[in-house]
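Asker: For reference, the structure I am asking about is given below.
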């Protein structure tokens, strides 16, 4: 018999807490978070946005291509529930995107989201004291809201994620937050660059390249960010349609970049 | 460009008189003037040990850079490795971390130092370093502007190699485009197509966008969709 939602939620907290301790990899952690959100909270897709320190939001993880598009659409058009959630620091919960008042509130986002097949959005701020560092956004294809138990569970997941991003359990200063977020955004860019390298080398799409990268990272217990660095440095090449990889680097430890010629 | 990027770029161009392409020196002077600090410097780096000063707004900035080089310590070397800014509001609080550098830097008159890696993912080109005589953190607004100064400095350094900074209407930062994942994916793809580093692939992608007067994100999307391929050989806007 399947475990109850409560048990699976508890398992997820243990899983996330584990990743916080050894070989912490923020990008893997955030992707896991969006996937578990979908499994546990009865939603159809999830996406995660982080503030880039310059006043803009950046997409860092999404459970599906549709969620990715919905997040990017909001960033590019500077409107939508996730943008409002970030600006206000308040949960924004929309049960029916097709409603007339929603179309008025977000004239570009509402029709686009409906066209993508989304009917409901629940956006939760990732908050450290009075600073909002990003948002976790849950999308539903059916027009009904998140029930209160799921909303509470989502809130708890977001709190865990916030701690994960900031790593340091006692962040004292705004400076430290800026430093951590900046490193997270560079990891994201590095993964995109590695996806491009693999996509070209193996004639696959960037999305397929990401699946290859991620599968290999999991099977070999290599943090995603370090594996992306290996691919970029040319010290690892992931072979298509298997988890084989050629590597010349020791599997653990901090990635030191050799000086370029 | 985003409002912030446009504003910062206007500050930098205002710090430069003449018709020549905007030099990194103008960026250092604008940073010193606009970020609530007393000086700024840019150093090109191609690894933790390869450092080359590009410009400094004043003597103490140049001296701090030299001290970091000679002692092998300081925020510059560390944040180049780590990839996130190093914001030191109180130099006195990091004496134990870099004993050689900090005592000399404080004696020379630096009370606070803030350094920003010039970086886009695995592309790293150097570092922007700011100092202030008085200790204290950067204000939130200055910090946000400081990150944009670093974004622009990275692109000025890279674009100098392709000559596109001399193009009429050159803008280093296309805010909307650069938030698109395709830009970084295309950079990876082009590096394989041409057999070059990510740095060079990024320069070639940018040069192509400038030369064809297209948005960077649109050119990148075309590369990712396999509508555009880079072949070894001359590219528009690319020096041989």
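Asker: Just a yes or no: is a residue in segment A:76-96 in contact with a helix residue (DSSP H, G or I) (Cβ under 6 Å, 6 or more places away or on another chain) and on the phi > 0 side of the Ramachandran plot?
Answerer: So far as segment A:76-96 goes, yes, one or more of its residues are in contact with a helix residue (DSSP H, G or I) (Cβ under 6 Å, 6 or more places away or on another chain) and on the phi > 0 side of the Ramachandran plot.
Asker: Here is a list of conditions, (1) at the interface with chain A (Cβ under 10 Å from one of its Cβ atoms); (2) more than 17 Å from the chain's Cα centre (by Cα); (3) at pLDDT below 90; (4) buried (at least 17 other Cβ atoms within 10 Å of the Cβ), and residue B:191 meets all of them except one; can you say which number that is?
Answerer: (3)
Asker: Would you mind stating whether residue B:104 is crowded, with 17+ Cβ neighbours inside 10 Å, closer than 29 Å to residue A:233 by Cα and free of Cβ contacts under 8 Å to residues at least 40 places away in the same chain?
Answerer: no
Asker: Condition check: touching a strand residue (DSSP E or B) at 6+ places or on another chain (Cβ under 7 Å) and either more than 12 Å from chain A (Cβ to nearest Cβ) or more than 24 Å from residue B:87 (Cα to Cα) (or both). Does residue B:153 satisfy that?
Answerer: Taking the combined requirement at face value, the residue satisfies it.
Asker: Quick one: is residue B:50 within 11 Å of another protein chain (Cβ to nearest Cβ) and over 26 Å from residue A:131 (Cα atoms)?
Answerer: Yes: the conditions hold for residue B:50.
Residue-by-condition table, conditions (1) in a helix (DSSP H, G or I); (2) under 29 Å from residue B:140 (Cα atoms); (3) modelled with pLDDT under 90:
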| position | (1), (2), (3) |
| --- | --- |
| A:121 | no, no, no |
| A:136 | no, yes, no |
| A:146 | no, no, yes |
| A:149 | yes, no, yes |
| A:157 | yes, yes, yes |
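Asker: How many residues does segment A:219-241 contain that are farther than 22 Å from residue B:185 by Cα and either at pLDDT 85 or above or over 21 Å from the mean Cα position of the chain (by Cα) (or both)?
Answerer: Total meeting the criteria: 2.
Asker: A further question on this structure: Can residue B:163 be described as within 14 Å of chain A (Cβ to nearest Cβ), on the phi > 0 side of the Ramachandran plot, touching a helix residue (DSSP H, G or I) at 6+ places or on another chain (Cβ under 9 Å) and in contact (Cβ under 8 Å) with a residue 24 or more places away in the chain?
Answerer: When the stated conditions are applied, residue B:163 does not pass them.
Asker: May I ask you to verify whether residue A:189 is crowded, with 16+ Cβ neighbours inside 10 Å, more than 9 Å from chain B (Cβ to nearest Cβ) and in contact with a helix residue (DSSP H, G or I) (Cβ under 9 Å, 6 or more places away or on another chain)?
Answerer: Here the answer is no, as residue A:189 does not meet what is asked.
Asker: Kindly establish whether residue B:214 is under 18 Å from residue A:202 (Cα atoms), at pLDDT below 95 and in contact with a helix residue (DSSP H, G or I) (Cβ under 9 Å, 6 or more places away or on another chain).
Answerer: In short, no.
Asker: Report, by residue number, each residue of segment B:26-45 that is crowded, with 18+ Cβ neighbours inside 10 Å and either at pLDDT below 90 or assigned to a helix (DSSP H, G or I) (or both).
Answerer: Matches in segment B:26-45: B:26, B:27, B:28, B:29, B:30, B:31, B:32, B:34, B:45.
Asker: Quick one: how many residues across segment B:1-25 are within 14 Å of another protein chain (Cβ to nearest Cβ), surrounded by fewer than 20 Cβ atoms within 10 Å (Cβ to Cβ) and in a helix (DSSP H, G or I)?
Answerer: Here the count works out to 4.
Asker: Would a scan of segment A:167-179 turn up a residue that is away from every other protein chain (no Cβ under 14 Å), over 18 Å from the mean Cα position of the chain (by Cα), modelled with pLDDT of 90 or more and not in a helix (DSSP H, G or I)?
Answerer: Checked segment A:167-179: no residue is away from every other protein chain (no Cβ under 14 Å), over 18 Å from the mean Cα position of the chain (by Cα), modelled with pLDDT of 90 or more and not in a helix (DSSP H, G or I).
Asker: Can you tell me which condition residue B:56 does not meet? The list is (1) surrounded by fewer than 20 Cβ atoms within 10 Å (Cβ to Cβ); (2) at negative phi, and all the others hold.
Answerer: Condition (1) is where residue B:56 drops out.
Asker: Give just the number: which of (1) in a helix (DSSP H, G or I); (2) at pLDDT below 90 does residue A:190 not satisfy?
Answerer: Going through (1) in a helix (DSSP H, G or I); (2) at pLDDT below 90 one by one, residue A:190 breaks only (2).
Asker: I need the full set of residues from segment B:166-188 which are buried (at least 18 other Cβ atoms within 10 Å of the Cβ) and either at the interface with chain A (Cβ under 7 Å from one of its Cβ atoms) or at pLDDT 85 or above (or both), in order please.
Answerer: B:172, B:173, B:179, B:181, B:182, B:183, B:184, B:185, B:186, B:187, B:188
Asker: Follow-up. Can you find a residue that is within 14 Å of another protein chain (Cβ to nearest Cβ), at pLDDT 90 or above and under 17 Å from residue B:32 (Cβ atoms) anywhere in segment B:106-113?
Answerer: Yes, that holds for at least one residue.
The values are calculated or read from the model by the stated rules, or taken from the named source; none is laboratory data. A quick note: this is a predicted structure, and the numbers were derived from the prediction, not measured. Every residue, glycine among them, receives a Cβ derived from its backbone with ideal geometry; neighbour counts consider all protein chains shown.
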